[in-house]
Amino acid sequence: MEQKTSAPADTSAPVQTGVGTTGHIWDGIEELNNPLPRWWLWTFYACIIWAVGYWFFYPAIPLVSSYTKGLLGWQSRTQIELDMAELKAMRSGMTTKIEATELADIEKSPELLSFARAQGSAAFAVNCAPCHGAGAQGFKGYPNLNDDDWIWGGKAEDILTTIKHGVRWEQDSDSRSGVMPSFGRDGILNRKEIGTVADYVLSLSGLPVDKGSDLAAGKALYAANCAACHGDTGKGNQELGAPNLSDKVWLYGSDKAAVMERITIGGGGVMPAWSNRLDAATMKSLAVYVHTLGGGK
Amino acid sequence: MSDTHTTSGGKTSVWTKHQVFEKNSIFLLIGILVMISIGGLVEIVPLFYLKSTIEKVEGVRPLTPLELAGRNIYVREGCYNCHSQMIRPLRDEVERYGHYSLAAESMYDHPFQWGSKRTGPDIARVGGKYSDDWHRDHLRNPRSVVPASIMPGYPWLETTTLDTSHIDMDMRVLAIEGVPYTKEMIEAAASDVKTQGSAEDSMTAPFLKRYPKAISRELGGVQGRLTEADALIAYLQQLGTQVDFKLYDDKANIR
């Protein structure tokens with residue numbers, strides 16, 4: 001680069017770029033006044049035009065006791081009504097059939113069965129899985145629905161009744177009810193007696209019991225206190241929701257401490273009634289879904 | 001200041017007038033205040049006419065003292081950070097959670113618990129969806145019933161005795177804010193806590209008269225004393241249950 005010795009060229013940015021300045025000068029530094037990028041400016045103007053259009057077409061400006069309704073008359077509440085009606089109409093072809101068909105016949109029709117299982121599976125995931133598990137495997141205190149051990153009956157109709165009205169759900173007068181007494185808390189049996197009867201209960205299903213446990217005394221206690229609901233041989237009674245004690249399925253655990261705890265506390269699990277929350281077709285589909293999981297009677 | 005390079009050769013067209021605000025901080029400040037005031041007046045003032053913003057809905061009642069104590073725990077533990085209580089009028093939300101939330105359903109909440117983020121599910125209608133025992137298990141250790149849950153456990157709630165010594169004061173403050181707690185309700189607060197958390201007795205009828213349809217039941221507690229978990233469960237179990245949507249007319253309230 002060679003330096004000319006003639007009059008120094010004006011190297012200031014405004015002159016070099018041809019862009020004006022904002023007029024600010026700090027210590028000789030000037031601020032260029034570049035225009036806004038054109039794409040940005042046009043987007044900005046378009047937004048303003050859009051907003052004005054929105055005011056006219058949609059509900060927008062609050063007034064003293066009402067608001068501007070907009071030319072389209074759009075309302076979120078009418079929109080959701082329409083959306084739900086559309087959904088209902090979409091499903092109605094199958095749901096009306098489900099509603100009109102007996103549970104047993106639903107299971108006989110491949111078309112209805114596959115719809116009911118699909119609808120049941122979706123409803124199960126939202127409503128039932130938190131207690132019974134995503135695979136209906138249950139948790140301690142929440143029954144497994146895959147096996148054939150049913151507390152309140154394993155026929156599809158029984159399952160539907162349980163879904164509709166729940167178990168020990170006080171807000172539903174038709175709820176399944178049947179409460180085991182608190183043998184320990186209410187002082188019906190003392191701790192030693194509870195241990196003795198627990199040993200006998202474990203022996204009903206062939207589980208090992210402590211050495212030296214008095215099974216004869218346990219049997220007598222069982223006959224006096226438990227047999228009325230659980231049956232003489234521990235087969236249970238589904239009318240009362242008294243579980244079968246002679247199989248190897250245990251809701252609260254099969255060790256002696258767990259059995260003693262149940263005898264001490266009594267009571268039983270609570271399931272909500274679903275008839276206020278789910279529609280008839282969904283509950284039937286759920287009943288079919290649970291019934292066909294594998295353990296249905 | 002030099003004016004030699006001003007835009008458009010110094011002409012002050014109407015499009016360059018905004019420079020007045022940009023170059024004078026006091027003008028800019030006043031301009032901002034004026035704009036915000038207009039926005040505020042237009043958007044906020046009409047909301048003071050509450051009659052036009054909150055529809056009248058049958059069944060909404062103030063929380064019982066026990067539920068209110070539970071709500072205080074809900075706020076204290078920050079449940080609203082992960083759980084919303086606001087079912088929007090959108091198809092998927094109504095399908096999953098039930099009827100969309102009504103303004104009236106949170107009109108006695110100060111502050112409201114709509115939340116703004118769902119790390120967990122919406123719980124606006126969780127009341128009556130699960131049993132008390134499930135809530136107890138779930139609060140103690142969420143993984144014991146929902147293996148995939150990322151909710152932290154709150155095991156201390158069921159071992160901490162519920163402190164209700166200030167609940168009547170809470171009610172008094174809420175009454176000032178417009179919640180229709182009567183003098184009778186506030187005076188009966190301590191006994192109503194016990195009544196709702198125990199099996200039916202002679203106190204239950206007057207309690208239900210004060211708080212229609214409230215659920216009163218034996219909540220167990222620890223050695224006869226109610227715990228924080230009991231209060232929280234009482235609060236959760238009433239969420240979204242006050243309005244009977246079999247009677248509620250959606251169309252009548254479209255305005």
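The values are calculated or read from the model by the stated rules, or taken from the named source; none is laboratory data. Owing to the predicted nature of the structure, the values given are computational and were not obtained by experimental measurement. For neighbour counting, all protein chains shown are included, and Cβ atoms are generated from backbone atoms with ideal geometry for every residue, glycine included.
Tabulated data
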| quantity | calculated |
| --- | --- |
| Meets criteria (assigned to a helix (DSSP H, G or I) and within 13 Å of another protein chain (Cβ to nearest Cβ)) for A:Ala134 | no |
| All positions within the stretch B:160-181 that are over 21 Å from the mean Cα position of the chain (by Cα) and among the β-branched types (Val, Ile, Thr) | B:Thr160, B:Thr161 |
| Any hit, the stretch A:113-124, residues being free of Cβ contacts under 8 Å to residues at least 12 places away in the same chain, assigned to a loop (DSSP other than H, G, I, E, B), outside the structural domain of A:Leu251 (by TED's automatic domain parsing) and farther than 24 Å from B:Arg88 by Cβ | no |
| Residues (of a type in the set (A, V, I, L, M), out of contact with any His (no Cβ under 9 Å at 6 or more places or on another chain), part of a loop (DSSP other than H, G, I, E, B) and under 20 Å from B:Asp250 (Cα atoms)) located in the stretch B:51-106 | B:Ile54, B:Val57, B:Val60, B:Met86, B:Leu90, B:Leu102 |
| Residue match in the stretch B:242-251 (condition: touching a Gly at 6+ places or on another chain (Cβ under 9 Å), crowded, with 22+ Cβ neighbours inside 10 Å and either over 30 Å from A:Ala85 (Cβ atoms) or within 11 Å of chain A (Cβ to nearest Cβ) (or both)) | no |
| So B:Ser101, is it surrounded by fewer than 16 Cβ atoms within 10 Å (Cβ to Cβ) and not charged (D, E, K, R) | no |
| Helices (runs of 4 or more DSSP H) lying entirely in the stretch B:116-234 (those with 3 or more residues that are surrounded by fewer than 20 Cβ atoms within 10 Å (Cβ to Cβ) and not assigned by TED's automatic domain parsing to the domain that holds B:Ser101) | none |
| Subset of the stretch B:77-129 that is hydrophobic (A, V, I, L, M, F, W, C) and out of contact with any helix residue (DSSP H, G or I) (no Cβ under 9 Å at 6 or more places or on another chain) - its residue that is farthest from B:Ile54 (Cα to Cα) | B:Cys82 |
| Pick from the stretch B:36-86, criterion within 14 Å of chain A (Cβ to nearest Cβ) and of a type in the set (Phe, Trp, Tyr), ranking: surrounded by the fewest Cβ atoms within 10 Å (Cβ to Cβ) | B:Phe48 |
| Any hit, the stretch A:150-167, residues being within 22 Å of the chain's Cα centre (by Cα), in a helix (DSSP H, G or I), away from every other protein chain (no Cβ under 14 Å) and polar (S, T, N, Q) | yes |
| Yes/no for A:Asn276 being of a type outside the set (D, E, K, R), free of Cβ contacts under 8 Å to residues at least 12 places away in the same chain and under 28 Å from A:Leu160 (Cα atoms) | yes |
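To keep it simple, each residue is scored yes or no on (1) over 19 Å from B:Gln19 (Cβ atoms); (2) within 12 Å of chain B (Cβ to nearest Cβ); (3) surrounded by 12 or more Cβ atoms within 10 Å (Cβ to Cβ); (4) aromatic (Phe, Trp, Tyr).
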{"site": "A:Gly23", "(1), (2), (3), (4)": "no, yes, yes, no"}
{"site": "A:Glu30", "(1), (2), (3), (4)": "no, yes, yes, no"}
{"site": "A:Tyr45", "(1), (2), (3), (4)": "yes, no, no, yes"}
{"site": "A:Trp50", "(1), (2), (3), (4)": "yes, no, no, yes"}
{"site": "A:Val64", "(1), (2), (3), (4)": "yes, yes, no, no"}
